[in-house]
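S.K.: Have a look at this one before I ask anything.
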Amino acid sequence: MRKYLAITFLALYVFTSTEFHEIMKLPNLVSHYNEHKGENKNMTLWKFLCIHYAHGEVYDDDRDKDMKLPYKSIDCHASSLVITLPPTHHYDLQFNHSFDEEKKQTSYYHNTFCSDNFQSIWQPPKIA
């Protein structure tokens, strides 16, 4: 039972979240190729694919059939799910209540997750 359930969920994902559902339009491609082949005996599969896919949008008499071919129209069926979880770790902020007269700027907390070694990178260049 788990196997069938897993296959069902995988199929639902593949056909709704990806462009794999376009493969289901392959019979339309075959029948449309056969129509072109009936009109022009010299039509090869390569020429057919070049006409319908390589030369941009073609506005001809059978445009409605052309748009039913795989990967010709854009179907936006994809949706996204965003889950926000609370943080799993706690940053310890140590409050510094020392009011020294020598300091011009008072720091009220100390950042324990940032290294002091990298603070010199962000300083402006100094003339020696």
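Please treat every number below as a calculation from the coordinates, not as lab data. Keep in mind the model is a prediction, meaning the values are calculated, not measured. Cβ coordinates were reconstructed from backbone atoms using ideal geometry, including for glycine residues, and neighbour counts include every protein chain displayed.
S.K.: Report the label-to-label distance for residue 127 and residue 11 in nanometres (one decimal), using points 7 Å from each Cα along the Cα→Cβ vector.
M.R.: 7.6 nm
S.K.: Provide the per-residue ³J(HN,Hα) series for the stretch 59-67, in order, calculated from phi with Karplus coefficients 6.51, -1.76, 1.60 and θ = phi - 60°, each as a whole number of Hz, with x at glycine and proline positions.
M.R.: Values, residue by residue: 9, 10, 5, 9, 4, 5, 6, 4, 6 Hz.
S.K.: What net charge do the residues around residue 61 carry, taking every other residue with its C-beta under 12 Å from that of residue 61, with Lys and Arg at +1 and Asp and Glu at -1?
M.R.: -4
S.K.: What is the spin-label model distance, in nm, from residue 85 to residue 58 if the labels are put 7 Å beyond Cα along the C-beta direction?
M.R.: 5.2 nm
S.K.: Sticking with this structure for a sec: For the pairs 25/47; 3/72; 3/65, note any where the Cα-Cα span goes beyond 30 Å. Don't jump to the answer; show the numbers that get you there.
M.R.: Working: 25/47 19 Å; 3/72 34 Å; 3/65 39 Å.
In this structure, 3/72; 3/65 lie more than 30 Å apart at Cα.
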